[in-house]
Amino acid sequence: MTLTIYCPICDSNSLYLLSKDAYSFYRCSKCALVFVHPLPSEEFLGQEVYSPKSGYQGNKAKDLSQSSLTAKQAPILEALVTLKPGGRLLDVGCSNGQFMFWAQKRGLKVTGVELNEATASIAKTNGLDVFQGTLTQANFPDQSFDLIFLGDLIEHVSDPRAIIKDCQRLLVPSGFLAIVTPNLDCFWARSTFILFKLFKIPWSVLTPPHHLCQFSTTNLRQLLINQDFQIKQTWYHHPSLKYELGMTHLWGAYKHDKKIRTLVYTLGSYALYTLFFVFNYLSYPFRRSDFGLVMIVKKILV
C-alpha cells in the first residue's frame with residue numbers, strides 16, 4: 001500500500017523529491033512547499049540539534065554593544081520602527097538577542113524566545129528579556145505585542161501553520177509580523193537544483209535537520225493570507241556564497257577521504273556554484289526575486 005504524504009501547510013498530496021544527509025524531502029503537488037518527512041522528533045531537535053553541546057550558533061557575539069545589525073536585518077528594523085514606533089516587539093528564535101538589542105536602542109520594548117540555551121544565555125547576560133524554550137511554552141497572553149519578528153525561523157519549525165496562528169493570536173489588531181526565510185522560487189534555487197540533477201552536487205538549499213520546510217514567495221503569501229494577514233511589503237536579498245558552498249558538505253567529504261578525485265570534484269563543483277552565484281548577482285536588477293525573502297504582513301480584523 002502506498003503511503004500518502006500530506007503537505008504541512010495546505011494538506012495536499014506530496015511527492016518524493018530527493019534525499020540529503022539521510023533525510024527525505026517531499027514537494028507538495030499543489031503549493032510546491034518542500035519539506036522533510038518523516039520529521040525528526042521534538043526531543044531530538046531540542047537535545048541534539050539546538051542544544052549547547054551541538055555547537056549550533058556557537059560563534060555568536062557575546063557583547064552585543066560591540067555587534068551591529070546585518071545588512072539583512074537593518075532595513076527590517078527600520079520598517080518595524082516606522083510602522084509601530086515605541087511598540088512591543090517579540091523576536092521568536094532571537095538567538096543571542098542581537099536584533100532585539102538594536103531594536104531596543106531604537107525605542108521598541110523587546111521580548112525574545114529562544115530554544116538554544118547557550119544563545120539565550122548571551123541575550124540575558126546583555127540585559128534582554130528572553131524566554132528559553134518554545135513559543136508555546138512561553139504562553140504569552142493574547143494581543144501582547146504590536147510587532148513580531150520571525151527571522152530565519154519559520155523554516156525550522158515542524159508546523160508552520162501553528163506558529164503563524166500563534167502570531168495572529170499574540171498580535172494586537174493591526175499589528176505587524178515580519179518574516180525572513182529562504183525562497184525556493186528564484187534563479188539561485190532553480191540553478192543549483194539543476195547542478196544537483198546534472199552533476200549530483202548536493203543541493204545547498206536543503207539543510208536538514210535545521211531547515212524542515214522550504215517556502216516560496218507564493219506559498220508563504222498564501223499561508224499568511226489564509227491566517228488573516230494582509231501582505232504589506234516584500235523584498236529580497238542575495239544568498240551568501242560562503243554559506244551555500246558550506247552546505248554542499250563537499251569540503252568535509254574531501255577532508256574525510258583525501259582522494260584526488262574527490263578534490264577535483266569539489267573544486268569543479270565550487271567553480272560551477274561560483275559561476276551561477278556571479279550570474280545571479282549580476283542579473284538581479286532584471287528579475288523580481290532572489291533567494292532571501294523578507295515579507296511584512298499586517299493582522300487584519302475578521
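All of the numbers you see were taken from the coordinates with simple rules; none came from a lab. No experiment lies behind these values; they were computed from the predicted model shown. With ideal geometry, Cβ positions are generated from the backbone for all residues, glycine too; neighbour counts draw on all protein chains shown.
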Counting all C-alpha pairs of segment 1-47, share separated by more than 14 Å (%): 52 percent
Potential lengthening between residue 264 and residue 228 on full extension [0.36 nm per residue; Cα-Cα distance subtracted]: 7.8 nm
Sorted peptide list for 158-165, 171-178, criterion being average Cβ within 10 angstrom, highest first: 171-178, 158-165
Partner lysines for residue 109 [C-alpha distance under 24 Å; skip if fewer than 8 residues away on the same chain]: 60, 62, 72, 84, 124, 165, 232, 298, 299
The chain - share of DSSP beta bridges that are antiparallel (%, nearest 5): 60 percent
Loop trypsin sites (Lys or Arg not before Pro), segment 186-225 (other Cβ atoms within 10 Å of the site Cβ: 13 or fewer; DSSP): 200
Fluctuation leader among 191, 12, 65 - the chain, Gaussian network, Cα springs under 10 angstrom: 65
